[in-house]
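Undergrad: The structure that follows is given in the form of structure tokens.
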Amino acid sequence: MTISRRNFLKVAGAAGGVLLAGGAASAQGAQAPETSAGGVEFNGMLIDTTKCIGCRACEEACNEANKLPKPKVSFSTESVFEETRDTTTGAFTVVNRFPNEKKPDAPIFVRKQCMHCNQPACASACLCRAMEKTKEAAVIYHKDRCMGCRYCMVACPFDIPRFEYNSPTPFVWKCIFCNERQKKGEQPACSEVCPTGATLFGKKRDLLEIAKTRIYTEPDKYVHKIYGEHEVGGTGWLFLMGAPEEKLGLKTNLPTTPYPELTSGFLYGVPLVFVLWPSLLIGLNYLIKDSKVDEKKEGSHGEHD
Amino acid sequence: MANTTDAAAASTEGTMTFRQVARETIRFVLSELKPKGKMLTPFNVITGGIILSGLVMIAIRFAYGLGAVSNLSQNYPWGIWIGFDVVTGVAFAGGAYVLCFVVHILKIKKFEPIIRVTVLNGFLAYVFYAGALLLDLGRPWNVINPIIGNAFGLSSVLFLVAWHFLLYMICEFLEFSPVVAEWLHWPRARRILEGLSTGAVIFGITLSTLHQSGLGALFLLAPTKVHPLWYSGNIPVMFFVSSIFAGLSMVMIESFFTQKAFKDRIGHDLHAAHDSILLGLGKGAVGALFAYIFLKLIDFVHYKQWIYLDTPMGYWYLFEIVGFVLLPTALFLQAIRKRSAKLVQFTAFLTAAGVILNRLNVSVIGFKWYETVRYYPSVMEIWITLAIISMELWVFRWVILRMPVFGEAHEVVEEKTAEDMEVVTWKASVL
């Protein structure tokens, strides 16, 4: 029983393209947590919730820097804190107010925006690389590539990408870490404008040290955990918390596994199936074809006898 | 008709030039495009109405965006167009690869009479349901990006699924193409296409394995969003296994309706073997169901899922497992023991309902079950889904009434009223 070379090549050739695709996918897997693949140290942002006064200067600066539409109520309106707000296609970052159990007269303000994960789920989910992690840290969005499938929204553990549902030519919007400003050597608009230092920009490694020092020197002020240090494999934005995360509207129970690893096992299996299935099926097919031919021969012998 | 048969005869003898053949073929195809039988039947009126109004809604969707017709939101980016049309519809198309394996690889002759209609069904399901995916894409014109290669998202499961959809559609078309060649009276093309079919079958089974499981693997990226009772690292394997019994059930359901609607197109082979084929399909389904039950059991223990049982979602989970997995398994076993084709057919409906339930539980119902404002499909979303199913049924009927899908039917006289050939809305009925 032989497998005809031509038949094998026919299948193998067709499978080859997708095989390559599977193989290359695996290369994007593991990387050191605080640096990009090229060894460039990630930038980061440290949010100290105990320092934030809820002035919303960051929201306003973000709005201007990203040329977003002006909101209906001005950035100085305090009534917006009455309900918990979410980011929108026109607001990449929002500040929310949460009650402080220790000091009821001093509420805690917490920002919400893209966390710029070290290994972002959105970028690994996107089938046309519209979401991309730059080597500096930012997870940016390429408008021209996006097909609007919204798998990034399904995948994002922080529910950040926002889609324009009421446009015939919609885009996905989210904080892009002021990537253009970073490239020019400037810091993001929100941290530049922050009057209290509640939003601090720098190398992520340095920010982690600052955060740990603050917890160490003022253990009563902070929850002894840096939110974002280990969540989903580490994020670019780190939070120092004045109250437990579930009281601050931050996602709890996130795994420490980097999300791309959740699907890498499946993707590693793809080339295997592409090699094994055709060869097993061709083998099985020939085996059965041969045995059927034998059966027929035996049958006809019997008739002749 | 006389013209075309003459042309066919002539072309087989090789006395006509290529140009003549082409001209005759075009004339033949044009004559075949005309509808057959009565136009104003209840089926035509109802589905026709659904299709026309559905097209208006599709136009609204493209003019004003997804929000104009759907209930999708920032919290629920995927609704029933993904959860039902794609994730469920593609599972039901699984019958094609399973039967191709049985007939073309294992060479089991018994199922040959239904292979053509199953492949046709699978092919149409992909064209229409995967095609309906374009409606759900915000920027569908960019769908070529991951295909032409200016932006390969190699780490994406969706990239794999997209490519496999495309390649599998080509494979299924190749598998069905000998029938088209027969219809066009192109004997030489038919021989060439049949030669390609083993390759297409092998490649097709491989692709199916990967994208059926890939549809499940999509949800691996949402570990905190899919309810723990349905989330598991085994989702891909479970989607693959359930596509086997989903596909087989759909073949049984489809046979239930075609037996009624196309009874005079069905050849003697199929008529004679129908019950035995059904029992065989039931046996196949029961094997896959057992595998599925064990997978579920392993998950249940491994992920300590029992702690969620005494919650509303837990009761819902038990309803699915007991009523739509364990019960069908028991009924299939009973049917096989009693050799009851009727019970097999009934159980197929139950199994299919269970597959719908499961796929929706993973993709819609159990997705972000913790939110206070939940997604539910809008009337227009459901309507457009119905319109797509109706369109598929029209094309299915068109092909069945013209091409030799059911074997011997080719020789049968063509002129019939459409009344007894009506397609019952079998897919709508399982919705």
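Matching residues to (1) open to solvent by 10 Å² or more (accessible area, probe 1.4 Å); (2) closer than 25 Å to A:Phe266 by Cβ; (3) modelled with pLDDT of 95 or more:
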| site | (1), (2), (3) |
| --- | --- |
| B:Ile105 | no, yes, no |
| B:Ile115 | yes, no, no |
| B:Val143 | yes, yes, no |
| B:Gly153 | no, yes, no |
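Undergrad: If you take just the strands (runs of 3 or more DSSP E) that sit entirely in region A:60-147, which of them hold at least 2 residues that are under 21 Å from the mean Cα position of the chain (by Cα) and more than 30 Å from A:Asp220 (Cα to Cα)?
TA: On the way: elements: A:94-98, A:108-112, A:131-133, A:139-141.
The qualifying strands (runs of 3 or more DSSP E) are A:131-133, A:139-141.
Undergrad: If you don't mind, another one. Can you name the number of the only condition in (1) buried (at least 20 other Cβ atoms within 10 Å of the Cβ); (2) more than 21 Å from A:Glu261 (Cα to Cα) that A:Val139 fails?
TA: Status for A:Val139: all satisfied but (2).
Undergrad: Checking the condition in contact with a Cys (Cβ under 6 Å, 6 or more places away or on another chain), more than 23 Å from A:Gly249 (Cβ to Cβ) and either within 14 Å of chain B (Cβ to nearest Cβ) or touching a residue at least 60 places away in the same chain (Cβ under 8 Å) (or both), which residue from A:Cys122, A:Cys114, A:Cys126 passes?
TA: On the way: A:Cys122 fails: more than 23 Å from A:Gly249 (Cβ to Cβ); A:Cys114 fails: more than 23 Å from A:Gly249 (Cβ to Cβ).
The match here is A:Cys126.
Undergrad: Test B:Ile50 against the criterion of being part of a helix (DSSP H, G or I), touching a Leu at 6+ places or on another chain (Cβ under 6 Å) and either of a type in the set (Phe, Trp, Tyr) or at negative phi (or both), and give yes or no.
TA: Values: part of a helix (DSSP H, G or I): yes; touching a Leu at 6+ places or on another chain (Cβ under 6 Å): yes; either of a type in the set (Phe, Trp, Tyr) or at negative phi (or both): yes.
In short, yes.
Undergrad: Residues A:Phe42, A:Phe92: which one is within 14 Å of chain B (Cβ to nearest Cβ), touching a residue at least 60 places away in the same chain (Cβ under 8 Å) and either buried (at least 23 other Cβ atoms within 10 Å of the Cβ) or out of contact with any helix residue (DSSP H, G or I) (no Cβ under 8 Å at 6 or more places or on another chain) (or both)? Walk me through how you get there before you give the answer.
TA: Numbers: A:Phe42 fails: within 14 Å of chain B (Cβ to nearest Cβ).
Testing whether each residue is within 14 Å of chain B (Cβ to nearest Cβ), touching a residue at least 60 places away in the same chain (Cβ under 8 Å) and either buried (at least 23 other Cβ atoms within 10 Å of the Cβ) or out of contact with any helix residue (DSSP H, G or I) (no Cβ under 8 Å at 6 or more places or on another chain) (or both) leaves just A:Phe92.
Undergrad: Something else about it: Would you check if there is a residue in region B:227-248 being within 14 Å of another protein chain (Cβ to nearest Cβ), under 29 Å from B:Gln345 (Cβ atoms) and either among the small types (Gly, Ala, Ser) or not in a helix (DSSP H, G or I) (or both)? Let's see the steps before the verdict.
TA: From region B:227-248, those within 14 Å of another protein chain (Cβ to nearest Cβ) are B:227-228, B:231-240; that's our starting set.
Cutting the leftovers down to under 29 Å from B:Gln345 (Cβ atoms) gives us B:237-240.
Next cut, either among the small types (Gly, Ala, Ser) or not in a helix (DSSP H, G or I) (or both) only: none.
Within region B:227-248 (the criterion being within 14 Å of another protein chain (Cβ to nearest Cβ), under 29 Å from B:Gln345 (Cβ atoms) and either among the small types (Gly, Ala, Ser) or not in a helix (DSSP H, G or I) (or both)), the answer is no, since none of the residues qualifies.
Undergrad: So in region A:198-221, with the set limited to residues that are within 20 Å of A:Ala106 (Cα to Cα) and outside any strand (DSSP E or B), which one is least open to solvent (accessible area, probe 1.4 Å)? Don't jump to the end; show me each part of the working.
TA: Narrowing region A:198-221 to residues within 20 Å of A:Ala106 (Cα to Cα): A:198-199, A:214-215, A:218-221.
Next, only the ones that are outside any strand (DSSP E or B) stay: A:198, A:214-215, A:218-221.
Values: A:Ala198: 3, A:Arg214: 47, A:Ile215: 20, A:Glu218: 81, A:Pro219: 59, A:Asp220: 134, A:Lys221: 74 Å².
If we take residues in region A:198-221 being within 20 Å of A:Ala106 (Cα to Cα) and outside any strand (DSSP E or B), then A:Ala198 is least open to solvent (accessible area, probe 1.4 Å).
Undergrad: Let me ask something else about it. Looking at this structure, is B:Leu218 facing chain A (nearest Cβ under 10 Å), assigned to a helix (DSSP H, G or I) and open to solvent by less than 10 Å² (accessible area, probe 1.4 Å)? Break it down into steps so the answer makes sense when it comes.
TA: On the way: facing chain A (nearest Cβ under 10 Å): yes; assigned to a helix (DSSP H, G or I): yes; open to solvent by less than 10 Å² (accessible area, probe 1.4 Å): yes.
The answer is yes for B:Leu218.
Undergrad: Let me ask something else about it. Quick one: count up the residues across region B:60-97 that are hydrophobic (A, V, I, L, M, F, W, C), under 13 Å from the mean Cα position of the chain (by Cα) and either farther than 17 Å from B:Gly216 by Cβ or at the interface with chain A (Cβ under 10 Å from one of its Cβ atoms) (or both).
TA: The total comes to 1.
Undergrad: For A:Ile226, state whether it is touching a strand residue (DSSP E or B) at 6+ places or on another chain (Cβ under 8 Å), surrounded by fewer than 19 Cβ atoms within 10 Å (Cβ to Cβ), at pLDDT 95 or above and of a type outside the set (Gly, Ala, Ser). Break it down stepwise before answering.
TA: Numbers: touching a strand residue (DSSP E or B) at 6+ places or on another chain (Cβ under 8 Å): yes; surrounded by fewer than 19 Cβ atoms within 10 Å (Cβ to Cβ): no; at pLDDT 95 or above: yes; of a type outside the set (Gly, Ala, Ser): yes.
No, not satisfied.
Undergrad: Looking only at region A:161-176, how many residues end up being part of a strand (DSSP E or B) and of a type in the set (Lys, Arg)? Give the derivation first.
TA: Quick first cut of region A:161-176, residues part of a strand (DSSP E or B) only: A:162-163, A:172-173.
Filter once more, so that each one left must be of a type in the set (Lys, Arg): A:162.
The total comes to 1.
Undergrad: Taking only pairs six or more apart or across chains, which ones have beta-carbon atoms under 8 Å, a first residue in region B:117-145 that is within 13 Å of another protein chain (Cβ to nearest Cβ), and a second residue that is of a type in the set (Lys, Arg) and part of a helix (DSSP H, G or I)?
TA: B:Leu135/B:Arg61
Undergrad: Just wondering, is there one or more residues in region B:188-203 that are more than 10 Å from chain A (Cβ to nearest Cβ) and surrounded by 24 or more Cβ atoms within 10 Å (Cβ to Cβ)? Steps first, answer last, please.
TA: First, pick out the residues of region B:188-203 that are more than 10 Å from chain A (Cβ to nearest Cβ): B:188-195, B:197.
Restricting the remaining residues to those that are surrounded by 24 or more Cβ atoms within 10 Å (Cβ to Cβ) gives none.
Within region B:188-203 (the criterion being more than 10 Å from chain A (Cβ to nearest Cβ) and surrounded by 24 or more Cβ atoms within 10 Å (Cβ to Cβ)), the answer is no, since none of the residues qualifies.
Undergrad: Here is a further query. Can you name every residue in region A:243-255 that is surrounded by 15 or more Cβ atoms within 10 Å (Cβ to Cβ) and at the interface with chain B (Cβ under 7 Å from one of its Cβ atoms)?
TA: Those that are surrounded by 15 or more Cβ atoms within 10 Å (Cβ to Cβ) and at the interface with chain B (Cβ under 7 Å from one of its Cβ atoms): A:Leu254, A:Pro255.
Undergrad: Does any residue in region A:75-88 that is away from chain B (no Cβ under 12 Å) come within less than 8 Å, Cβ to Cβ, of a residue that is open to solvent by less than 100 Å² (accessible area, probe 1.4 Å) and part of a helix (DSSP H, G or I) six or more places away or on a different chain, and which pairs are these?
TA: A:Phe75/A:Ala57; A:Phe75/A:Glu59; A:Phe75/A:Glu60; A:Phe75/A:Asn63
Undergrad: Quick check: anything in region B:278-286 more than 30 Å from B:Gly366 (Cβ to Cβ) and hydrophobic (A, V, I, L, M, F, W, C)? Break it down into steps so the answer makes sense when it comes.
TA: Restricting attention to region B:278-286, the residues satisfying the condition of being more than 30 Å from B:Gly366 (Cβ to Cβ) are B:278-280, B:283.
Narrowing further to those that are hydrophobic (A, V, I, L, M, F, W, C): B:278-279.
Among the residues of region B:278-286, at least one is more than 30 Å from B:Gly366 (Cβ to Cβ) and hydrophobic (A, V, I, L, M, F, W, C), which makes the answer yes.
Undergrad: Being at pLDDT 95 or above and within 11 Å of chain B (Cβ to nearest Cβ) is the requirement here; does A:Leu200 meet it?
TA: Working: at pLDDT 95 or above: yes; within 11 Å of chain B (Cβ to nearest Cβ): no.
The answer is no for A:Leu200.
Undergrad: Let me ask something additional. Is it fair to say A:Phe163 is touching a strand residue (DSSP E or B) at 6+ places or on another chain (Cβ under 9 Å), within 22 Å of B:Trp78 (Cβ to Cβ) and within 14 Å of chain B (Cβ to nearest Cβ)? Reasoning before the result, please.
TA: On the way: touching a strand residue (DSSP E or B) at 6+ places or on another chain (Cβ under 9 Å): yes; within 22 Å of B:Trp78 (Cβ to Cβ): yes; within 14 Å of chain B (Cβ to nearest Cβ): yes.
Judged against the criteria, A:Phe163 is a match.
Undergrad: Out of the residues in region B:361-389 that are in contact with a strand residue (DSSP E or B) (Cβ under 9 Å, 6 or more places away or on another chain) and not in a loop (DSSP other than H, G, I, E, B), which is nearest to B:Tyr315 (Cα to Cα)? Before you say what the answer is, go through the steps one by one.
TA: Kept after step one, since they are in contact with a strand residue (DSSP E or B) (Cβ under 9 Å, 6 or more places away or on another chain), are these residues of region B:361-389: B:361-363, B:366-369, B:375.
Narrowing the set further to residues that are not in a loop (DSSP other than H, G, I, E, B) leaves B:361-363, B:367.
Numbers: B:Asn361: 13, B:Val362: 15, B:Ser363: 18, B:Phe367: 16 Å.
Per the criteria, the residue is B:Asn361.
Undergrad: Of all residues in region A:166-197, count the ones that are at the interface with chain B (Cβ under 10 Å from one of its Cβ atoms) and surrounded by 20 or more Cβ atoms within 10 Å (Cβ to Cβ).
TA: First, pick out the residues of region A:166-197 that are at the interface with chain B (Cβ under 10 Å from one of its Cβ atoms): A:166-172.
In the following step, the residues that additionally are surrounded by 20 or more Cβ atoms within 10 Å (Cβ to Cβ) were identified as A:170, A:172.
Number of matching residues: 2.
Undergrad: With respect to B:Arg337, determine if the residue is buried (at least 22 other Cβ atoms within 10 Å of the Cβ), on the phi < 0 side of the Ramachandran plot and in a helix (DSSP H, G or I).
TA: On the way: buried (at least 22 other Cβ atoms within 10 Å of the Cβ): no; on the phi < 0 side of the Ramachandran plot: yes; in a helix (DSSP H, G or I): yes.
Taking the combined requirement at face value, the residue does not satisfy it.
Undergrad: Moving to a separate point now. If you go through region A:148-160, how many residues are out of contact with any Ser or Thr (no Cβ under 8 Å at 6 or more places or on another chain), outside any loop (DSSP other than H, G, I, E, B) and either at the interface with chain B (Cβ under 7 Å from one of its Cβ atoms) or of a type in the set (Ser, Thr, Tyr) (or both)? Break it down into steps so the answer makes sense when it comes.
TA: Going residue by residue through region A:148-160, those that are out of contact with any Ser or Thr (no Cβ under 8 Å at 6 or more places or on another chain) are A:148-150, A:152-154, A:156, A:158-159.
Imposing the further condition that a residue be outside any loop (DSSP other than H, G, I, E, B) reduces the set to A:152-154.
If we keep only those that are either at the interface with chain B (Cβ under 7 Å from one of its Cβ atoms) or of a type in the set (Ser, Thr, Tyr) (or both) as well, we get A:153-154.
Total meeting the criteria: 2.
Undergrad: Which residue, of B:His211, B:His185, is at positive phi and either within 11 Å of chain A (Cβ to nearest Cβ) or not in a helix (DSSP H, G or I) (or both)? Write out each step before concluding.
TA: Working: B:His211 fails: at positive phi.
Sole residue among the options that is at positive phi and either within 11 Å of chain A (Cβ to nearest Cβ) or not in a helix (DSSP H, G or I) (or both): B:His185.
Undergrad: Looking at region A:256-287, which of the residues that are surrounded by fewer than 18 Cβ atoms within 10 Å (Cβ to Cβ) and outside any helix (DSSP H, G or I) is farthest from the other protein chains (Cβ to nearest Cβ)?
TA: A:Thr256
Undergrad: While we're here: How many of the residues in region B:260-286 are in a helix (DSSP H, G or I), farther than 15 Å from B:Lys110 by Cβ and open to solvent by 40 Å² or more (accessible area, probe 1.4 Å)?
TA: First, the residues of region B:260-286 that are in a helix (DSSP H, G or I): B:260-261, B:268-286.
So of that shortlist, the ones also farther than 15 Å from B:Lys110 by Cβ come out as B:260-261, B:285-286.
From what is left, the residues that are open to solvent by 40 Å² or more (accessible area, probe 1.4 Å) are B:260.
The total comes to 1.
Undergrad: Same structure, new question: Just a yes or no: is a residue in region B:75-83 open to solvent by less than 40 Å² (accessible area, probe 1.4 Å) and out of contact with any helix residue (DSSP H, G or I) (no Cβ under 7 Å at 6 or more places or on another chain)?
TA: Of region B:75-83, the ones open to solvent by less than 40 Å² (accessible area, probe 1.4 Å) are B:76-83.
If we keep only those that are out of contact with any helix residue (DSSP H, G or I) (no Cβ under 7 Å at 6 or more places or on another chain) as well, we get B:76.
Within region B:75-83, one or more residues are open to solvent by less than 40 Å² (accessible area, probe 1.4 Å) and out of contact with any helix residue (DSSP H, G or I) (no Cβ under 7 Å at 6 or more places or on another chain).
The values are calculated or read from the model by the stated rules, or taken from the named source; none is laboratory data. Just so it is clear, the structure is predicted and the values come from calculations on it, not from any experiment. Positions of Cβ are generated from backbone atoms using ideal geometry, with glycine treated the same way; all protein chains shown enter the neighbour counts. Protein only, heavy atoms only, side chains kept; ligands, DNA and RNA dropped before computing areas. Shrake-Rupley method; radii C 1.70, N 1.55, O 1.52, S 1.80 Å.
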